[in-house]
Amino acid sequence: MLRSADEEKTGGGHWLIINVVRDTPFEDPSIQHLAFPDARRLIQATRSVVAVLTHFGMGMWRAKPWELARQLETELGVKALTTTDGLSLPLK
């Protein structure tokens, strides 16, 4: 779970690689896994150019992360990528 104090600590960067385990947050606040809404806020806060979503849990797979990435591209104007095992990205 991303808190507003955490958002203030982020410094912008061209690439942002995010482990997005869940599509929705756990109701139990003691379980702190990054969820898709947290990733969206982090991408907005850092104003990154490219967001790479990775490390999906089953809920994210069921939510079709490639479609959520397209949604981020449309709504935030960033390049959003989803990963699979063995993916290599040119960081140029």
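The values are calculated or read from the model by the stated rules, or taken from the named source; none is laboratory data. The structure displayed is predicted, hence computed values, not measured ones. Methodologically, a virtual Cβ is constructed for each residue, glycine included, from the backbone with ideal geometry; neighbour enumeration extends over all protein chains shown.
Restricting to the stretch 78-92, count the residues that are under 10 Å from I43 (Cβ atoms) and not aliphatic (A, V, I, L, M).
Number of matching residues: 0.
Suppose we keep only residues that are touching a Leu at 6+ places or on another chain (Cβ under 8 Å) and of a type in the set (V, I, T) within the stretch 66-92. Which one would you say is surrounded by the fewest Cβ atoms within 10 Å (Cβ to Cβ)?
So the residue we want is T83.
Condition first: of a type in the set (D, E, K, R) and touching a strand residue (DSSP E or B) at 6+ places or on another chain (Cβ under 8 Å). Can you find one or more residues in the stretch 16-29 that meet it?
Yes, because at least one residue in the stretch 16-29 is of a type in the set (D, E, K, R) and touching a strand residue (DSSP E or B) at 6+ places or on another chain (Cβ under 8 Å).
Name the residue, out of R62, R40, that is of a type in the set (D, E, K, R) and either touching a Gly at 6+ places or on another chain (Cβ under 6 Å) or closer than 25 Å to L91 by Cβ (or both).
R40
Among the residues of the stretch 66-92, write down those that are in a loop (DSSP other than H, G, I, E, B) and among the aliphatic types (A, V, I, L, M).
Quick first cut of the stretch 66-92, residues in a loop (DSSP other than H, G, I, E, B) only: 77-78, 83-92.
Listed by number, the residues that qualify are V78, L87, L89, L91.
Starting from the stretch 40-61, take each residue that is of a type in the set (F, W, Y) and list its partners that are at pLDDT 95 or above, counting only C-beta distances under 6 angstrom and pairs at least six apart or across chains.
These pairs meet every condition: F56/P65.
For (1) among the small types (G, A, S); (2) modelled with pLDDT under 95, each residue gets a yes or a no:
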position: E7; (1), (2): no, yes
position: T10; (1), (2): no, yes
position: W15; (1), (2): no, yes
position: F36; (1), (2): no, no
position: A51; (1), (2): yes, no
position: E75; (1), (2): no, no
position: D85; (1), (2): no, yes
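Looking only at the stretch 8-65, count how many residues are exposed (fewer than 12 other Cβ atoms within 10 Å of the Cβ) and assigned to a helix (DSSP H, G or I).
So the count comes out to 5.
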